[in-house]
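Here is the structure we will look at.
The values are calculated or read from the model by the stated rules, or taken from the named source; none is laboratory data. What you see is a predicted model, and the numbers here were worked out from it, not measured in a lab. Remember, those area values only see protein heavy atoms, side chains included, never the ligands or the DNA or RNA. Shrake-Rupley method; radii C 1.70, N 1.55, O 1.52, S 1.80 Å.
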Amino acid sequence: MSGASAGRDLVALPRAAVLMLYTAAYLRGDMGPDDAARMSQGVGRTGPSGAGEDLFTWMTSLRRLPLAQLRLVLPVPGRLAGLVGPPAAIGPALEAEQAIVVTAAGIADHTLIPVLAPAEVDGRAATAVGWQKVPAPVGAQVPPTATSGSAREELLHALRRTARGSVDLDLVPDEPVEPARIPAAWVATALPRHLEPSAAHLLVLASRTLLLTRSEIEEGHGHTVHLAEALTRRGLLDELHDAARSALVETLERIVAAETG
């Protein structure tokens, strides 16, 4: 761990995002595939699965693809932009709320999706994670990225709007997210040491904002008394949630593209 953490704090990210970060570190030559596969499991909360793709084999196979690229997708019902299919990939990706789309020379090759199950490690609750690989339809084109290219500015603008507003939101993205607010499909990780400080900061800000807004949305409007205030609060949360999702995807894609390009 010490070589990868290099004094950085842990940050909670979708498991697919962690896998992408350490796959990029392997493809860059910063670490071997065995270390990259181990680091991609995150810190704690992950138990053995034994099902699905072996990550060592999957990572090394990427070197045989021409111009391989990795794209993170964070789908929710009604917002499937970035997924390639086939239908066998859509359901599991929606259930996990994440997937990695792998392309070769601009053509979709396959989708990799985490499959989660409850587990126990040393008497503590954990999550067993397997990875399902679904081949893409032959010749499937990859749709344009759903992000605008200015996700950082949009996230910062949404955060400023929220800070100036009259509705009190329990959001402090400057502090680590409590473990209780981190879903099983996410895991804490040390960031690879080669990340640019600005990219690392935005990744942390976007991930924390996404987790905090998700938690607040799931809790509903219990903080408010009046319907108008509840609707205003929900509108701000939705705006922040969407901006954080876009910023997380866009930042990660830029990091991975820089490492694998």
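Numbers for the structure displayed
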item	result
Residue that is modelled with the lowest pLDDT, among those in the range 55-77 that are outside any helix (DSSP H, G or I) and open to solvent by 80 Å² or more (accessible area, probe 1.4 Å)	Pro77
Residues (open to solvent by less than 20 Å² (accessible area, probe 1.4 Å) and charged (D, E, K, R)) located in the range 232-261	Arg233, Glu250
Check on Ala200, open to solvent by less than 60 Å² (accessible area, probe 1.4 Å), at pLDDT 85 or above and in a helix (DSSP H, G or I)	yes
Residue check, Arg152 open to solvent by 60 Å² or more (accessible area, probe 1.4 Å) and either basic (Lys, Arg) or modelled with pLDDT of 85 or more (or both)	yes
